1. So LEU99 fits all but one of (1) in contact with a Leu (Cβ under 6 Å, 6 or more places away or on another chain); (2) open to solvent by 70 Å² or more (accessible area, probe 1.4 Å); (3) of a type in the set (A, V, I, L, M); what number is the exception?
2. Please find, within segment 118-129, the residue that is modelled with the highest pLDDT out of those that are farther than 17 Å from ALA50 by Cα and surrounded by 10 or more Cβ atoms within 10 Å (Cβ to Cβ).
3. Somewhere in segment 134-151, is a residue open to solvent by 30 Å² or more (accessible area, probe 1.4 Å) and either in a loop (DSSP other than H, G, I, E, B) or at pLDDT below 75 (or both)?
4. Hey, among VAL66, VAL92, VAL58, VAL29, which residue is under 19 Å from the mean Cα position of the chain (by Cα), modelled with pLDDT under 90 and not hydroxyl-bearing (Ser, Thr, Tyr)?
5. Checking the condition touching a Leu at 6+ places or on another chain (Cβ under 8 Å), without any contact (Cβ under 8 Å) to a residue 24 or more places away in the chain and in a helix (DSSP H, G or I), which residue from TRP52, TRP41 passes?
6. Do the conditions hold for ALA174, that is, is it over 22 Å from the mean Cα position of the chain (by Cα), crowded, with 16+ Cβ neighbours inside 10 Å and either basic (Lys, Arg) or modelled with pLDDT under 75 (or both)?
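The values are calculated or read from the model by the stated rules, or taken from the named source; none is laboratory data. Just so we're clear, the structure is a prediction, and the values are computed from it rather than from any experiment. Here Cβ is always computed from backbone atoms with ideal geometry, including for glycine, and neighbour counts include all displayed protein chains. Just the protein is used for accessible areas: all its heavy atoms, side chains included, with ligands, DNA and RNA removed. Shrake-Rupley method; radii C 1.70, N 1.55, O 1.52, S 1.80 Å.
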Amino acid sequence: MRDDISAELESASYHPFSILMHWLTVALVLGILLSLGLAQWLGRGSASFAFWMQTHSVLGQATFIVSMLRLLVLNFYGSPKPCAADDAQLLVAKVMHALLYGLIGFLACSGILLSIAYLAGQPVFGVTVPMTLNPMAMGLIRQLHGLVAMGFIFIALAHGLYATAMHYFAGQVALRRLSVRDLKVLDAIAAPQVDAQYIQLEQERA
């Protein structure tokens with residue numbers, strides 16, 4: 001009986017775009033951490049410090065954009081039936097995902113504010129950037145940004161460990177649903193309404 005349920009849950013996977021955006025988000029987050037780590041290791045006196053901090057900021061905004069696009073894909077194509085074994089596991093999964101998306105949004109917004117504040121007085125495309133935050137406000141937002149970033153890292157690690165534990169010890173199929181093996185993205189683009197192994201909304205037939 002358990003094998004039948006597992007096979008039924010695995011038969012419907014996420015849309016290929018959703019899977020790609022999931023793993024692209026993971027790669028971007030790793031790039032964010034790497035660029036920030038390099039900037040801190042080099043120090044403010046290094047000529048490369050500004051470059052790595054700018055890379056950190058750009059990757060952060062890219063993560064936000066990719067996350068929002070993935071939400072659009074999930075909203076349009078839907079998602080497979082949750083594979084949680086009980087209501088408690090389902091609640092944990094929902095809370096984790098809500099926190100991850102919410103924290104990504106906060107980090108992106110606070111990162112934009114800090115980037116603009118650091119550019120105050122400098123010309124950008126011929127326009128001098130005005131002062132938007134005083135030093136006290138900048139310090140507060142910078143501290144909040146750092147604290148939320150640590151919270152995001154903790155929750156992201158917990159999310160990954162939880163999914164891995166459910167996969168290997170509870171017989172869940174969440175990781176298999178996100179597998180990139182045999183991912184037919186081109187088929188999804190060329191024939192988006194062809195019946196496939198991923199969830200799609202019902203389309204009215206002519």
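1. Of everything listed in (1) in contact with a Leu (Cβ under 6 Å, 6 or more places away or on another chain); (2) open to solvent by 70 Å² or more (accessible area, probe 1.4 Å); (3) of a type in the set (A, V, I, L, M), LEU99 misses just condition (1).
2. Among those that are farther than 17 Å from ALA50 by Cα and surrounded by 10 or more Cβ atoms within 10 Å (Cβ to Cβ), it is THR128.
3. Yes, that holds for at least one residue.
4. Values: VAL66 fails: modelled with pLDDT under 90; VAL58 fails: modelled with pLDDT under 90; VAL29 fails: modelled with pLDDT under 90.
The unique qualifying residue is VAL92.
5. It is TRP52.
6. Values: over 22 Å from the mean Cα position of the chain (by Cα): no; crowded, with 16+ Cβ neighbours inside 10 Å: yes; either basic (Lys, Arg) or modelled with pLDDT under 75 (or both): yes.
Against the criterion (over 22 Å from the mean Cα position of the chain (by Cα), crowded, with 16+ Cβ neighbours inside 10 Å and either basic (Lys, Arg) or modelled with pLDDT under 75 (or both)), ALA174 does not qualify.
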